[in-house]
Amino acid sequence: MLRVGVLVSGGGTNLQAIINGIQDGTITNTELVTVISNNKNAFALERAKKHGIEALCISPKDYETREQFNDALYDVLEDRALDLIVLAGFLVVIPEKIIKRYENQIINIHPSLIPSFCGTGYYGLKVHEKALERGVKITGATVHFVDCGTDTGPILLQKAVAVKQGDTPKQLQQRVMEEAEWKILPQAVTLIANHKVRVDKGQVLLLEETSC
Ligand code: GAR
């Protein structure tokens with residue numbers, strides 16, 4: 001069983017998609033061990049508790065230095081003996097110590113087709129605002145492994161979503177979630193859990209046909 005920890009900051013709809021996938025059997029060989037948020041008010045924590053999953057708040061605000069926060073997060077992740085860490089709308093920069101320890105064991109969901117609309121400052125609704133400003137006709141979502149850069153790691157799955165004329169950022173965000181994020185994130189987890197993913201020289205090789 002793949003032992004998974006999900007890191008969240010907000011509503012947790014992507015977390016919910018993973019919980020649902022485990023419950024309905026579309027994600028196999030996976031145990032959701034812990035959900036960690038930097039924000040004690042994140043609704044994602046309520047979702048975890050409702051399903052009997054450990055829900056923890058580890059916030060930089062509760063530590064004197066960033067290093068102390070980094071160490072606390074590191075220690076909890078180590079203690080839970082995780083095989084995979086999923087960043088599902090986690091808005092805190094992951095310390096290098098954790099990235100190095102969990103090389104090719106951390107994935108992130110990003111609400112655009114990387115390399116468009118990604119990198120520093122591109123998160124949440126801002127991504128969709130920028131996509132609409134630029135006037136793209138297609139956007140989407142990406143699941144990628146996390147390396148030391150911002151949204152620069154090997155791409156695992158992507159799914160395109162049409163932009164409709166007159167879309168507001170919120171409407172576009174919702175469509176990208178429904179049509180792409182909630183599909184490819186659970187799919188990525190089950191692919192990893194079933195040993196269907198290999199990373200070689202910065203590229204992801206899928207050992208199974210996928211239909212995103
Ligand atoms: C999602 O749209 C996710 O792609 C985005 O935050 C949202 C979290 O929603 N992540 C980023 O922008 C990361 N750069 P959720 O809490 O409902 O899953």
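Given a Förster distance of 22 Å, report the FRET efficiency between residue 3 and residue 28 from their Cβ-Cβ distance, rounded to the nearest 0.05. That gives a FRET efficiency of 0.95.
Other residues within the sphere of radius under 13 Å centred on the Cβ of residue 88, judged by their own Cβ, net out at 0 (K and R +1, D and E -1).
Could you give the length gained by full extension between residue 43 and residue 64, i.e. 0.36 nm per residue of separation minus their alpha carbon distance, to one decimal place? Walk me through the numbers before you get to the answer.
Working: separation 21, 0.36 × 21 = 7.56 nm, distance 2.56 nm.
Full extension from residue 43 to residue 64 adds 5.0 nm.
What the Kirkwood sum gives for the stretch 114-212 is a hydrodynamic radius of 14.3 Å, with every pair of different alpha carbons counted. Both radii were evaluated on the Cα set of the stretch 44-101; the Rg over Rh quotient, with Rh as the Kirkwood radius, amounts to 0.96. Relative to the Cα centre, the charge distribution of the chain, modelled as +1 at Lys and Arg Cβ and -1 at Asp and Glu Cβ, gives a dipole magnitude of about 560 debye. Using a simple spin-label model with pseudo-atoms 7 Å out from Cα toward Cβ, residue 162 and residue 199 lie 3.5 nm apart. The coefficient of translational diffusion for the stretch 77-116, derived via Stokes-Einstein from the alpha carbon Kirkwood radius under 37 °C and 0.692 mPa s, stands at 288 µm²/s. Within the chain, antiparallel bridges make up roughly 45 percent of the DSSP beta bridges whose residues both belong there. The calculated 222 nm mean residue ellipticity attributable to helices in the chain amounts to -9500 deg cm²/dmol, summing -39500 (n - 2.57) over DSSP H runs of n ≥ 4 and dividing by all residues.
Residues of the stretch 74-88 with an amide N closer than 17 Å to a point placed 7 Å from the Cα of residue 101 along the Cα-to-Cβ direction: 74-87. Look at where the Cα atoms of the stretch 26-98 and of the stretch 120-168 average out, and the two centres are 23 Å apart. If we count every other residue with Cβ under 11 angstrom of residue 58's Cβ, Lys/Arg +1 and Asp/Glu -1, where does the sum land? Charge balance near residue 58 sits at -1.
Taking the stretch 38-190, how much of its Cα-Cα pair set, in percent, is spaced more than 29 angstrom apart?
Numbers: 2367 of 11628 pairs.
In whole percent, the long-distance tail amounts to 20.
Annotation: peptides 163-171, 66-74, 35-43, ranked by per-residue average of other Cβ atoms within 10 Å with the highest first, follow the order 35-43, 66-74, 163-171. Taking the protein heavy atoms of the stretch 63-117 in the context of the full set of protein chains, the accessible area attributed to carbon and sulfur is 47 percent at 1.4 Å.
Accessible area per residue, 1.4 Å probe, Å², for the stretch 48-121: what's the number? Walk me through the intermediate numbers first.
Numbers: 3870 Å² over 74 residues.
Normalised by residue count, the accessible surface of the stretch 48-121 is 52 Å².
Once backbone amide H atoms are built at 1.01 Å from N, residue 12 has 44 as its partners under 5 Å, excluding neighbours fewer than 5 places away on the same chain.
Each principal axis of the Cα cloud of the stretch 138-177 was taken in turn, and the coordinate range along them, longest first, works out to 36, 16, 13 Å.
The values are calculated or read from the model by the stated rules, or taken from the named source; none is laboratory data. Note that the structure is a prediction, hence the values are computed from the model and not measured. All Cβ positions, even for glycine, are placed from backbone atoms using ideal geometry, and neighbour counts span all protein chains on display. Just the protein is used for accessible areas: all its heavy atoms, side chains included, with ligands, DNA and RNA removed. Shrake-Rupley method; radii C 1.70, N 1.55, O 1.52, S 1.80 Å.
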